[in-house]
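The values are calculated or read from the model by the stated rules, or taken from the named source; none is laboratory data. All values reported here derive from a predicted model rather than from experimental measurement. Please note: Cβ atoms are built from the backbone with ideal geometry, for glycine as well, and neighbour counts cover all protein chains shown. In case anyone asks, the SASA skips ligands and DNA or RNA and just uses the protein heavy atoms, side chains included. Shrake-Rupley method; radii C 1.70, N 1.55, O 1.52, S 1.80 Å.
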Amino acid sequence: MTSDATMTALLSVAGLTKDYIVGDLVTPVLKGISFDIYTGEFVAMLGPSGSGKSTLLSILGTLLKPTAGHFFMLGNDLTKVGERELTKFRNRNIGFVFQYHHLLPDFSALENVMFPAVASGLMDDVEAELRATMLLGRVGLSHRLNYKATKLSGGQKQRVALARALMNNPALVLTDEPTGNLDRESAHQVMELLTEINAESGTTFLISTHDSEIASRCQRKITIIDGKVDSIETNPVVQHGLAAA
Amino acid sequence: MRYEAKVALRYLLSSKMQTGLLIGGVGVGVLVFCFMSALINGLTSDQIEQTVGSIPHVTIEPREQTPKVLGAADGVVVLPAILRDNTQRAQIRAWQTVLDSLHADEKVRVAVPVVASNGFIARGQAIQPVSITGVNPEQLSEVAAIGPAIIKGAADLDLNGIIIGARLARNLSIDVGQTLVIRSDRGGQRDVKVRGIFSIGIESLDERVAYMNFKAAKALLNLDNGISRIEVKLYDLDMAPALASNFAASTGLKVTSWVEKNKRLFNAIQGQRSTGSLIKFFSIVTIIIGVSSALLLTTVRRKSEIGIMRSMGMTKGFINRVFVIQGVLIGLLGAMVGASGAFGFTTLVLELAVRADGTLVFPIDPSQGAYLAGIMLATVASTVAAILPARAASRVDPLEAISQ
């Protein structure tokens, strides 16, 4: 874990546990996870299948409640916040990029990106369209603004999903195997974008992945094994993110 | 709400086939609703018109005076016999006051004073019994549908005029313009000229009924101060029993509504209306089931999209509204299509389903299709039908949906 005293902990996880209960059967998935993630960091979360990565990511994304422990973000203990407030918090502060893009198929690329801002009333149409156009330009899709999501290639869809995740200027972007569904070329482009945006804007990224090459491009690697933090390593070679923050 | 409407509209437009079928389904339901309304209401109006059109909705008559039997000594059995006064007719004496109060009542369309009694018509040696009805000439059509039934002459009731039925005219071998003698059952008599001959098609009426001028009939029947009855027609037929009770209480006279006099018809009409209501109820239930099941399927199909919207911070209320708006739009559009279709269809039936003699096969009335009620009910039904799918959609677990 980094010890830089000047950095602010965006996310602080303390003794987080999660049990799945089916009838009388209790399956512990997370067994006391603790770590901090600092503003502007670019962090990889590694671990084999079934290690609890996705469950942890879901809890950090406020989509799932932990069984015990605490989880602070921007000074709020999110384990104690009601669902309505969590929904609003998620809209304002957390962006998601999933392995599968999950775009709304009946909407254009521009509308998909505008959606989290306009539908929640955070921005008006004009403001949202300007920002969405800028973001789509940033991910190299200026020429595909009005293309329906279904007409885009896999890589393009994932880039739209990234632009959408950034739309409300979130403090944290959670990504779950963001290149898992892409060919090598597209995967490379998406990773380049993630690192560039992290470096440019200081947006904090937590990337859940199996891919050690992706992990090698991150400043820190948190390895989860069997529901516990196995190791947290810092990669001194990587300069983006913190350096730019 | 604006963005929820946008998403709802986009969902409906993206599945044109399903949306078209749903709108069509609601439309058929509303078409059945409006068609049944037009048919049942038309049928009811026709039956009422045929039966009630020629009779008063409320009749006000003198109360029968029955003398009380005085107490008798113990052991004495009294068997009273009432002998009606043969010279004094039952009559409403303060009829003008009653008439004025009826005219002041906004529920009353028209109130007609009538004098009536039995009498005889004589021509030479031929004598025929008749029922004499005296009415103001301008109100004749309110008492009987004579105008369209006139086959000779005119419905003209001057002081010396009389209108008789075709069968009576034939029995007396008399024609329009000829004079005959009319006698009351109390001996009065007057010469009158036949102004018109009618044929209603009901033997007893065409043979036994004669219409005279109100004033002439009052003189003939020796009713200088009173009248026999007041015939009342209302704007709303269904109010007749209630208003009859009110009139009876306020006038102290004998008041009878058409419902009382035609109980069997009234029961038949009520039965008809109930059957119609049942069919309309089931058409609305069909709309609810159809819309609800289709939208439930949509929630399953859109599960991952709902999940991603929830993960993007859309509230359960947002998702709820997206589906309820779909229900509203389907209901409103379907209802308007159905109501328009029903109007067109009923009009077509009215034009095409006509017998050789010009009468209608279905006494349908396109103006009584209850279109607004159909549109409102279907829209509400469709909205209600969307609530269950909307709740199901808002409860979608975003995690489960995203991991699909």
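Worth pointing out:
- If the condition is being over 27 Å from residue B:247 (Cα atoms), assigned to a strand (DSSP E or B) and open to solvent by 10 Å² or more (accessible area, probe 1.4 Å), then the stretch B:123-138 contributes B:123, B:126, B:127, B:128, B:129.
Let's see how each residue does on (1) at pLDDT below 90; (2) closer than 25 Å to residue A:139 by Cβ; (3) among the small types (Gly, Ala, Ser):
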site	(1), (2), (3)
A:9	yes, no, yes
A:20	no, no, no
A:45	no, yes, no
A:56	no, no, no
A:67	no, no, no
A:82	yes, no, yes
A:93	no, yes, no
A:111	no, yes, no
A:114	no, yes, no
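- Residues satisfying the stated conditions in the stretch B:303-331, i.e. at the interface with chain A (Cβ under 7 Å from one of its Cβ atoms) and assigned to a helix (DSSP H, G or I): B:304, B:305, B:308, B:311, B:318
- Given (1) outside any strand (DSSP E or B); (2) touching a Leu at 6+ places or on another chain (Cβ under 9 Å); (3) among the aliphatic types (A, V, I, L, M), index of the condition residue A:174 fails: (1)
- Residue B:201 vs. criteria open to solvent by less than 60 Å² (accessible area, probe 1.4 Å) and either in contact with a helix residue (DSSP H, G or I) (Cβ under 9 Å, 6 or more places away or on another chain) or among the aromatic types (Phe, Trp, Tyr) (or both): no
- If you filter the stretch B:157-198 down to residues that are in contact (Cβ under 8 Å) with a residue 60 or more places away in the chain and of a type outside the set (D, E, K, R), you find that the one that is surrounded by the most Cβ atoms within 10 Å (Cβ to Cβ) is B:182.
- Check on residue B:340, of a type in the set (Ser, Thr, Tyr), surrounded by fewer than 19 Cβ atoms within 10 Å (Cβ to Cβ), more than 22 Å from the chain's Cα centre (by Cα) and under 22 Å from residue B:276 (Cβ atoms): yes
- Restricting attention to the stretch B:305-334, the residues that are touching a Leu at 6+ places or on another chain (Cβ under 8 Å), open to solvent by less than 10 Å² (accessible area, probe 1.4 Å) and either hydrophobic (A, V, I, L, M, F, W, C) or more than 30 Å from residue A:175 (Cα to Cα) (or both) add up to 7.
- Wholly enclosed strands (runs of 3 or more DSSP E) of the stretch B:185-272 bearing at least 2 residues touching an Asp or Glu at 6+ places or on another chain (Cβ under 9 Å): B:189-198, B:229-234, B:254-257
- Qualifying residue in the stretch B:375-394 (condition: out of contact with any Leu (no Cβ under 6 Å at 6 or more places or on another chain), open to solvent by less than 40 Å² (accessible area, probe 1.4 Å) and assigned to a loop (DSSP other than H, G, I, E, B)): no
- Hits in the stretch A:139-149 - residues which are of a type outside the set (A, V, I, L, M) and either at the interface with chain B (Cβ under 10 Å from one of its Cβ atoms) or not in a helix (DSSP H, G or I) (or both): A:140, A:146, A:147, A:148
- Screening the candidates B:28, B:58 for the property of being in contact with a Phe, Trp or Tyr (Cβ under 9 Å, 6 or more places away or on another chain) and either modelled with pLDDT of 90 or more or open to solvent by less than 30 Å² (accessible area, probe 1.4 Å) (or both) yields one hit, B:58.
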